[in-house]
């Protein structure tokens with residue numbers, strides 16, 4: 001056999017082996033991808049509003065979908081009114097989640113995105129209750145001064161009972177908790193987020209309409 005024929009045969013063998021390798025790889029990838037399922041999150045079991053209480057509902061639009069927030073004026077009337085008023089003004093539209101800690105909470109509501117800002121309205125006096133911080137609880141962020149909450153709020157990913165009685169609870173996530181879980185997480189113990197996700201919009205809504 002000539003060297004030329006031998007070279008051609010080797011070349012063809014390599015081409016066939018390469019083709020079969022690509023086909024095998026694609027079959028391998030498709031096999032495992034077909035077995036991958038989206039992560040599912042259980043709905044949070046949170047306190048139901050008692051008879052006679054009319055909650056305020058906010059529609060939070062995120063990049064992955066919409067979240068229904070139920071604010072409870074019986075728990076924190078002044079804080080609920082603050083979020084409602086700012087939402088009606090479009091204050092929260094486009095504000096980022098500047099601090100997000102895996103397994104703890106996602107914090108937003110600061111127009112500066114630094115955690116140091118707020119609205120031009122005066123700070124609010126604390127409205128602490130014995131309502132427990134469980135999965136899907138909405139709380140007001142503050143500084144060391146208990147009476148310093150303004151516009152920033154956070155949503156818990158899981159139970160955070162060490163916050164009980166120290167941060168004002170103003171409501172709960174009623175639907176769409178799976179989208180809260182998908183908010184981009186921060187790094188380090190303080191949860192500062194690089195290129196953070198944002199609230200596309202936060203608007204007052206009527207879920208029964």
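Could you please let me know if residue 129 is touching a helix residue (DSSP H, G or I) at 6+ places or on another chain (Cβ under 6 Å) and within 20 Å of residue 69 (Cα to Cα)? Explain how you work it out, then say what you get.
Values: touching a helix residue (DSSP H, G or I) at 6+ places or on another chain (Cβ under 6 Å): no; within 20 Å of residue 69 (Cα to Cα): yes.
No.
Residue selection: residue 71 fails the criterion of being modelled with pLDDT of 95 or more, assigned by TED's automatic domain parsing to the domain that holds residue 193, within 24 Å of residue 190 (Cβ to Cβ) and touching a helix residue (DSSP H, G or I) at 6+ places or on another chain (Cβ under 6 Å). When region 170-188 is limited to residues that are in contact (Cβ under 8 Å) with a residue 60 or more places away in the chain and more than 11 Å from residue 136 (Cα to Cα), the one that is surrounded by the most Cβ atoms within 10 Å (Cβ to Cβ) turns out to be 170.
The values are calculated or read from the model by the stated rules, or taken from the named source; none is laboratory data. The shown structure was predicted, so the numbers you read here are calculated from the model rather than taken from an experiment. We place every Cβ from the backbone using ideal geometry, glycine too, and count neighbours over all the protein chains shown.
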